[in-house]
1. Can you work out which of the residues in segment 167-214 that are aliphatic (A, V, I, L, M), within 27 Å of residue 292 (Cβ to Cβ) and more than 20 Å from the chain's Cα centre (by Cα) is surrounded by the fewest Cβ atoms within 10 Å (Cβ to Cβ)?
2. When you look at residue 151, is it part of a loop (DSSP other than H, G, I, E, B) and closer than 22 Å to residue 294 by Cα, yes or no?
3. For residue 217, all conditions in the list (1) crowded, with 20+ Cβ neighbours inside 10 Å; (2) over 24 Å from residue 269 (Cα atoms); (3) over 21 Å from the mean Cα position of the chain (by Cα) hold save one; what is the number of the exception?
4. Report the residue count in segment 183-208 for those that are modelled with pLDDT of 95 or more, farther than 18 Å from residue 279 by Cβ and acidic (Asp, Glu).
5. Do we find a residue being touching a residue at least 40 places away in the same chain (Cβ under 8 Å) and touching a Leu at 6+ places or on another chain (Cβ under 6 Å) anywhere in segment 90-109?
6. Tell me, which residue of segment 136-152 that is more than 25 Å from residue 76 (Cβ to Cβ) and free of Cβ contacts under 8 Å to residues at least 60 places away in the same chain is surrounded by the most Cβ atoms within 10 Å (Cβ to Cβ)?
Amino acid sequence: MRNNNRRKNIDNKPKIEYTNIFKVKKSDELLTFLLEKLNTSRNNVKNLLSNHQVLVNGSVVSQYNFSLAKEDEVKISKHPITDNPRGQRTKPKRLPKIDIIYEDDDFFAINKPAGLLSVESDKDNESAFSYVLAYMQQESKTNRPFVIHRIDKETSGVLVFAKSPVIQSKLRLNWNDFVETREYFAVVKGKLPKKSDTIICNLLEDENNMVYVSNKDGQKSITHYEVLNEKNGLSLLRVLIDTGRKNQIRVVLNHLGNPICGDDKYDERGQFKRLMLHASKLSFKHPFKDDMITIQSRIPGTFTSLFQK
C-alpha cells in the first residue's frame, strides 16, 4: 500500500538539474562510457563520480568500473546529489526493506509493492531498481541488477532482475520466446460477459501516454481471463497474458466495461487505495540452460477478503 505521507516528502524534494542524459546502446564500463560521451579527462570524470553527480537509472553511482547494459539511462547532475537543499552531506539513507522472493546465481526477484516504479522516471527517482541495487551492493560495489522486464508502478507482484548483462541481453532480445507464463490476479467492477474468455485486440498509445483499443493500428495483444469469484458487484479474475503491452490488462478489461478497481488512470479510484492488480507468477526459460525458472507471489489478502462470506 502506498504511504501518502512518504510520497509527499519525496515530491517536495528539490528538482535535480541534469547537464547530460545518455542512453546506453551496448554493454560498457561506466568510466569508459563517460570518457567517450563527455570528451573530458579521467580526473574530471572521476570527480563527477566521487561528487555523486552520476546516476544510472536514477540511482547515484560512484564506482568507475560499474557495469552498464543496453538501454540503461545515465544522467549527469549539475550539482552533487544530497538529501538536503543546502548541499551538505547527510548520512546515508537506511536501506528500505525489500521482499525478496527468489535469488540464485543468475536472477534476483522481489515482490514489488504497489506505488513503486520498476525503474525511475523523470518525475520520480524512487524505484525497485534503486532498492535492489543498494541491497546487492552491500556485498560488493560492483554488483548490480539488470532490467529484464517491468510492471506498472500501480501494480504489485513479481519483478525479476538478471545479475549479468549477458543474461539480460539474451532475454530482452527475445523475451516473449523465453516466457511461458505471465499470471495476474485482478479485482474488477461488475460481472464479466463470460466466465472465461480470450480477448485479442490491437492497443495504441496516444500523445498523452494513454493506451486504448484500436480497430486498425497498434500492437496486437492477447489476454485470457477466468472469473474466480463474484460478490457485491465485484469480480475476482485470474488473468494470463501472451503479450506484455503497456497497461494491457487495465485497458482490455476497461474496454470490456469491467475496469480494475482503484485504476485512477483509466477509470476512477473510488474506495480503493491502490490498483487491484497483482503479478502473481512469472515462468521463463533460462537462456543458457534447460532450466525453467518459476517465481510466484501470493495474492494479497486485500483482494481475497472482498469475497469472503
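The values are calculated or read from the model by the stated rules, or taken from the named source; none is laboratory data. Treat the numbers as computed from the prediction; the structure is a model and nothing was measured. Neighbour counts are summed over all protein chains in view; Cβ atoms, including those assigned to glycine, are modelled from backbone coordinates with ideal geometry.
1. Step one: list which residues in segment 167-214 are aliphatic (A, V, I, L, M), which gives 167, 171, 173, 179, 186-188, 192, 199-200, 203-204, 210-211, 213.
Then keep just the ones that are within 27 Å of residue 292 (Cβ to Cβ); that gives 167, 171, 173, 179, 186, 199-200.
Then keep just the ones that are more than 20 Å from the chain's Cα centre (by Cα); that gives 199-200.
Values: 199: 17, 200: 12.
Of everything passing the filter in segment 167-214, 200 is surrounded by the fewest Cβ atoms within 10 Å (Cβ to Cβ).
2. Values: part of a loop (DSSP other than H, G, I, E, B): yes; closer than 22 Å to residue 294 by Cα: yes.
Judged against the criteria, residue 151 is a match.
3. Of (1) crowded, with 20+ Cβ neighbours inside 10 Å; (2) over 24 Å from residue 269 (Cα atoms); (3) over 21 Å from the mean Cα position of the chain (by Cα), only one is false for residue 217: (1).
4. Of the residues in that region, 1 qualify.
5. no
6. Our first condition is that a residue be more than 25 Å from residue 76 (Cβ to Cβ); within segment 136-152, this holds for 138-139, 148-149, 151-152.
Cutting the leftovers down to free of Cβ contacts under 8 Å to residues at least 60 places away in the same chain gives us 138-139, 148.
Values: 138: 9, 139: 8, 148: 21.
Selected residue: 148.
Rundown of residues vs (1) closer than 16 Å to residue 59 by Cα; (2) part of a strand (DSSP E or B), yes/no style:
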| residue | (1), (2) |
| --- | --- |
| 111 | no, yes |
| 120 | yes, no |
| 124 | yes, no |
| 132 | yes, no |
| 135 | yes, no |
| 139 | no, no |
| 143 | yes, no |
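Here is a yes/no grid of residues against (1) of a type in the set (S, T, N, Q); (2) surrounded by fewer than 18 Cβ atoms within 10 Å (Cβ to Cβ); (3) closer than 24 Å to residue 305 by Cβ; (4) at pLDDT 95 or above:
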residue	(1), (2), (3), (4)
230	no, yes, yes, yes
237	no, no, yes, yes
248	yes, no, no, yes
269	no, yes, yes, no
